[in-house]
Protein chains: 2
Amino acid sequence: MTLSERSFLSTNSFSQNDQILHSEIGEYVKQMFVPTLGTSIETQINEIVNDLSEEFLSTKNANTNVNLDLIIKNFGDSKIPLEPTDFETYFQSLGDNVVSHSIHTSSSQFIGHMTAALPSFVRPLAKLMTVMNQNAVKIETAKALSFCEREALAMMHRQIYDFPDKFYTQHIQNNQSTLGILVSGGTTANITAMWCARNTSLGAKNEFLGIEKAGLTAALNFYGYKGAVIIGSELMHFSFDKAADLMGISTQNLIRVPVDSHNRVNIQALGQAVTDCRQQNLHIIAIVGIAGTTDSGSVDPLEDIAEIAQENNIHFHVDAAWGGPVIFSRKHQHKLAGIEKADSVTIDGHKQLYLPMGIGMVFFRDPHLASSIEKQASYTMRKGSFDLGKRALEGSRPGMALFLHAGLKLIGLNGYEFLIDEGIRKTQYMAARISAMPEFQLLAEPDTNLLIYRYIPEQFIELVANKQLTEADNQVINIFNEYLQKKQRQIGRTFISRTTKNIINFDKEVPVVAMRAVIANPLTTEEDIDAVLNDQIQIASGIEIPIN
Amino acid sequence: MTLSERSFLSTNSFSQNDQILHSEIGEYVKQMFVPTLGTSIETQINEIVNDLSEEFLSTKNANTNVNLDLIIKNFGDSKIPLEPTDFETYFQSLGDNVVSHSIHTSSSQFIGHMTAALPSFVRPLAKLMTVMNQNAVKIETAKALSFCEREALAMMHRQIYDFPDKFYTQHIQNNQSTLGILVSGGTTANITAMWCARNTSLGAKNEFLGIEKAGLTAALNFYGYKGAVIIGSELMHFSFDKAADLMGISTQNLIRVPVDSHNRVNIQALGQAVTDCRQQNLHIIAIVGIAGTTDSGSVDPLEDIAEIAQENNIHFHVDAAWGGPVIFSRKHQHKLAGIEKADSVTIDGHKQLYLPMGIGMVFFRDPHLASSIEKQASYTMRKGSFDLGKRALEGSRPGMALFLHAGLKLIGLNGYEFLIDEGIRKTQYMAARISAMPEFQLLAEPDTNLLIYRYIPEQFIELVANKQLTEADNQVINIFNEYLQKKQRQIGRTFISRTTKNIINFDKEVPVVAMRAVIANPLTTEEDIDAVLNDQIQIASGIEIPIN
């Protein structure tokens, strides 16, 4: 059916008295846009939302014990209603169908993902951001906010690189300089970093126009390379797969170097990979170091990677989406030593800066590196302007800088240090508990505040202690842990995530299903950690082997 | 200075009585995370934010009359404070330095950009979204929300494609299907569409592993192409430059076909470009049609483009970031006829769906097209799961689906139809006013609700009427209009944006600086439109030629 036929049909489905209804709907809709806060509709919605929020925040359970199938049933309507739905009806159903069955990411016993409780000031700020509805892409829709964003990014840049005052005076509000880019998340940050690294290293030279204008194939030809690669540990986040795919260099050319038993990249192997690529005439766009793997929180030896990158004149990127804020801790920042040598660094605001979802950042040692991706448009994004969208993957975007700026100011260095220290302290507590309990096996000493371990069913406890597990035993334990994690999630009282690790056993790599704890919620206590472990023990006691 | 040296230095800068302070800061910070809404701090912030919001929303001026230089001075501090800043002090300064000098995007006389007033229900919803803080990347952090998002996207999909009921029953909550992807904005949506089109058309075949795994150069080799291109009108959004650069096909291979005097792509020229590329053995990744150019709101002849794409078996993408919601209007949807033949469509929620900044969408005719960009990770994003992040450019992202779902339900088809019709009606009013006023020249009949025109200084009025303008005259008028637009923006009472168009004059293309009005705010009245034009006339009367 074509649009014009549809138009006719839908006209018929309208009321006979279309003209009158049309003016009524007009008044109804216009009323929604009245620019005062205290309208009766908004007051009414506010009350419902406050009730829903209060209940949501105070719920200790990680989740409701309701099967996905039942939830799915509520979301099978593909038709937009003709008439506006009544506010009360809608918010009621939103509460019943969405809010009730959402994950209590702020629960102190939800310690399985990188999303935790948020400080209360983000709530009024979220409202203010929506009231202001600035578009950070350009100065004409985000006047003071553009400068506020630059300031917040400069503060983070300084925390990483600590250049002298005059560097920041020169660059903080210089429209030719880009100390960092605010993006929607770590994936976009990593892709942006790879894009800048690629365009800079394969840029214009002599008669060659550069990869941006001439393309990848021509660039490789001009520079005499057979291909282009990105090198990092096998634990690189899957955003690098996206970057390698998107940029056309292929996911096969995302070279994943093995890690050691601490889940840190094997430096010898990394050095060898660089040598191999050079010998094969492959251009190395970047070497990636990880500060806090998604999988286990491990931190690569950044100093050593920096050295290899410097010696070989290769862009050094640190993916510190998770671990970046560890630099706020005087006690633990040494784990990130070398990050200040990175050409680019990714840090997420919505992870360990305790800001709402949707805040990623990429920082650049060289404030002119991002010029390699600059674009212009006549209707906006003018050269020489302060338009932040000139050097960015994204276009229009919200004023999330408000959260970043507020977080840095309201929590401060000491506040963030406390949060980081506490997370690591509690993780060490959990590691000690796990080591002390025969039901569990710690799978790696935690570098930061991620922990991987597994449950050991009773009949295997001695075998594990004596390192006598067979591959078949291991497989049974794997099935058990996967089942246990799913069961725990389904029951919903507490939550731990899971991952699969390759671990050496009898000199052979075997896949091990691991429980993965992420301890970042300031509200999580040692009692909560015990409760989560006890919940697992209790659930496990009801699981019989073989599992059907 | 290395991190470890810094660590030492910053330790010294801490208070002597570090231990005690550390516990005090701990209590202070933990207090921020208390999961009840009514804490005294939050109540206090809420009051400040309400006052700031009330004032912001009720201000009629587009902007404050303050120079950027003065604003910049407030954002020159690159140091994160050691101690948390007091809430009241911070929010006070936020009000003074940021809110006061932000753009009143909701002002009824701010009619220059695609950001307008928002319905009041988004404000409580913004708070609820932040309270819930779901991460839409995976089911384990966004249970009901994942299905709610799929439902909202299906509703939009149906509005575009109108497939029969059984299609939606089959795909709406099928984890193998992707009817659409929610992204942060139109740029990411367009890039995602190009990525899917590229990966599908250069996919695995026989022994070839496909572009994802083997890369662009190998893919072009295997399929026997000399290069890859994207074809569209010269008015394509600059996100396609980003896509072409990022994907390695080069911005030179973004083929920009001329437009006619209505700013619609010249179909003959487009057909010729396809033929030329075929003859040159260039792979055409996609043909792009625009439904609402950023520049002037014009809509390409989508039916004709669809025909060319179909005949040549090329992916047809419609960038309807701006104009997409015109399908809600029975009166105007015929302008978008052909959009239902597109393989992919971009629509922005934060434009004409009147939702907050940060909502882009891409829709697919074939629910399996996005499989071409699928990625997995062991710690999450498992095959066969409902994890929305499997097929997406972005990773972690906020629950913006809440706004989309609420908008569609609370405004409804009739409500959106009213909003679209009104915007176009008022734009026609403005076009008529401009045509009737000698001070102005209409530069194109508006297709939708964007309008381009310019101010004509008195000494040129007759020359314009008699079509006797010389190139030198035109240049004077250009300088005048640029100056006028900047002056108007700086004074801040009202706002119109500007762009540069190439317009035929004496059979020669000359660049014309144009005023660009975007009329989407439901609060904008005919009186507001008159006020904006009169403001320009008044400001223009004070400008002398030559301009210094």
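The values are calculated or read from the model by the stated rules, or taken from the named source; none is laboratory data. This one's a predicted model, so the numbers in the text were calculated from it and none came from an experiment. Quick reminder, even Gly has a Cβ in these numbers, built from the backbone with ideal geometry, and neighbours come from all protein chains shown. Heavy atoms of the whole protein, side chains included, go into the accessibility calculation; ligands, DNA and RNA do not. Shrake-Rupley method; radii C 1.70, N 1.55, O 1.52, S 1.80 Å.
Some observations on this one:
- For residue A:109: the one exception among (1) in contact with a helix residue (DSSP H, G or I) (Cβ under 6 Å, 6 or more places away or on another chain); (2) crowded, with 24+ Cβ neighbours inside 10 Å: (2)
- Subset of segment A:49-68 that is open to solvent by less than 60 Å² (accessible area, probe 1.4 Å) and not in a loop (DSSP other than H, G, I, E, B) - its residue that is nearest to residue B:150 (Cα to Cα): A:68
- Inter-residue pairs, beta-carbon under 6 Å, first closer than 27 Å to residue A:500 by Cβ and in segment A:295-308, second of a type in the set (A, V, I, L, M) and modelled with pLDDT under 95, 6+ apart: A:296/A:444
Here is a yes/no grid of residues against (1) under 19 Å from the mean Cα position of the chain (by Cα); (2) more than 14 Å from chain B (Cβ to nearest Cβ):
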residue	(1), (2)
A:194	yes, no
A:206	no, yes
A:211	no, no
A:221	no, no
A:229	no, no
A:271	no, yes
A:282	no, no
A:291	yes, no
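- Residues being in a helix (DSSP H, G or I) and open to solvent by less than 10 Å² (accessible area, probe 1.4 Å) - total across segment B:221-253: 7
- Any hit, segment A:34-43, residues being within 33 Å of the chain's Cα centre (by Cα), part of a helix (DSSP H, G or I) and more than 9 Å from chain B (Cβ to nearest Cβ): no
- Of all residues making up segment A:424-447, the number that are under 20 Å from residue A:334 (Cα atoms) and either touching a Lys or Arg at 6+ places or on another chain (Cβ under 7 Å) or aliphatic (A, V, I, L, M) (or both): 3
- Unique match (being outside any loop (DSSP other than H, G, I, E, B) and among the small types (Gly, Ala, Ser)) among A:126, A:116, A:136: A:126
- Residues satisfying the stated conditions in segment B:465-497, i.e. of a type outside the set (Phe, Trp, Tyr), in contact (Cβ under 8 Å) with a residue 40 or more places away in the chain and outside any loop (DSSP other than H, G, I, E, B): B:476, B:479, B:484, B:487, B:488, B:489, B:490, B:491, B:497
- The residues of segment A:140-155 that are in contact with a strand residue (DSSP E or B) (Cβ under 9 Å, 6 or more places away or on another chain), of a type outside the set (D, E, K, R) and either more than 7 Å from every other protein chain (Cβ to nearest Cβ) or farther than 22 Å from residue B:89 by Cβ (or both), listed by number, are A:141, A:152, A:153.
- Failed condition for residue B:384, given (1) farther than 17 Å from residue B:149 by Cβ; (2) at pLDDT 95 or above; (3) surrounded by fewer than 23 Cβ atoms within 10 Å (Cβ to Cβ): (2)
- Some residue of segment A:346-369 being at pLDDT 95 or above, hydroxyl-bearing (Ser, Thr, Tyr) and part of a helix (DSSP H, G or I): no
- Here residue B:168 passes the criteria (1) more than 23 Å from the chain's Cα centre (by Cα); (2) more than 7 Å from chain A (Cβ to nearest Cβ); (3) not charged (D, E, K, R) except the one numbered (2).
- Members of segment A:69-81 that are buried (at least 17 other Cβ atoms within 10 Å of the Cβ) and either in contact (Cβ under 8 Å) with a residue 24 or more places away in the chain or in a helix (DSSP H, G or I) (or both): A:71, A:72
- Candidates A:472, A:444, A:432, filtered to the one that is under 27 Å from the mean Cα position of the chain (by Cα) and either aromatic (Phe, Trp, Tyr) or open to solvent by less than 70 Å² (accessible area, probe 1.4 Å) (or both): A:444
- For first residues located in segment A:524-548 and not assigned by TED's automatic domain parsing to the domain that holds residue A:449, partners that are open to solvent by 60 Å² or more (accessible area, probe 1.4 Å) and among the aliphatic types (A, V, I, L, M) and lie 6+ apart or on another chain with Cβ distances below 6 Å form the pairs A:547/A:479.
- Residue A:333 satisfies every condition listed in (1) crowded, with 24+ Cβ neighbours inside 10 Å; (2) under 21 Å from the mean Cα position of the chain (by Cα) except (1).
- For segment B:378-386, the count of residues that are in contact with a helix residue (DSSP H, G or I) (Cβ under 7 Å, 6 or more places away or on another chain) and either more than 8 Å from chain A (Cβ to nearest Cβ) or in a helix (DSSP H, G or I) (or both) is at least one.
- With respect to the conditions (1) of a type in the set (Phe, Trp, Tyr); (2) part of a helix (DSSP H, G or I); (3) open to solvent by 10 Å² or more (accessible area, probe 1.4 Å); (4) facing another protein chain (nearest Cβ under 10 Å), residue B:416 falls short on a single one, namely (3).
- Scanning segment B:162-181 for residues that are in a helix (DSSP H, G or I) and buried (at least 19 other Cβ atoms within 10 Å of the Cβ) turns up B:168, B:171.
- Residues located in segment A:254-268, provided they are assigned to a helix (DSSP H, G or I) and crowded, with 17+ Cβ neighbours inside 10 Å: A:267
- Residues (of a type in the set (Ser, Thr, Tyr) and either in contact (Cβ under 8 Å) with a residue 24 or more places away in the chain or open to solvent by less than 60 Å² (accessible area, probe 1.4 Å) (or both)) located in segment B:498-523: B:499
- Residue count for segment B:114-155, restricted to those that are closer than 28 Å to residue B:391 by Cβ and in contact with a Pro (Cβ under 8 Å, 6 or more places away or on another chain): 8
- Sole exception among (1) more than 24 Å from residue A:234 (Cβ to Cβ); (2) surrounded by fewer than 24 Cβ atoms within 10 Å (Cβ to Cβ); (3) at pLDDT 95 or above; (4) not small (Gly, Ala, Ser) for residue A:490, by number: (3)
- Pairs meeting the criteria (first residue in segment A:117-138 and more than 7 Å from every other protein chain (Cβ to nearest Cβ) and more than 19 Å from residue B:42 (Cβ to Cβ), second residue assigned to a helix (DSSP H, G or I) and open to solvent by 10 Å² or more (accessible area, probe 1.4 Å), beta carbons under 6 Å, at least 6 apart or on different chains) are A:136/A:388.
- Here residue A:88 passes the criteria (1) modelled with pLDDT under 95; (2) crowded, with 16+ Cβ neighbours inside 10 Å; (3) of a type outside the set (Ser, Thr, Tyr) except the one numbered (2).
- Listed conditions (1) more than 12 Å from chain A (Cβ to nearest Cβ); (2) surrounded by 24 or more Cβ atoms within 10 Å (Cβ to Cβ); (3) among the hydrophobic types (A, V, I, L, M, F, W, C); (4) not in a helix (DSSP H, G or I) are all met by residue B:309, apart from (4).
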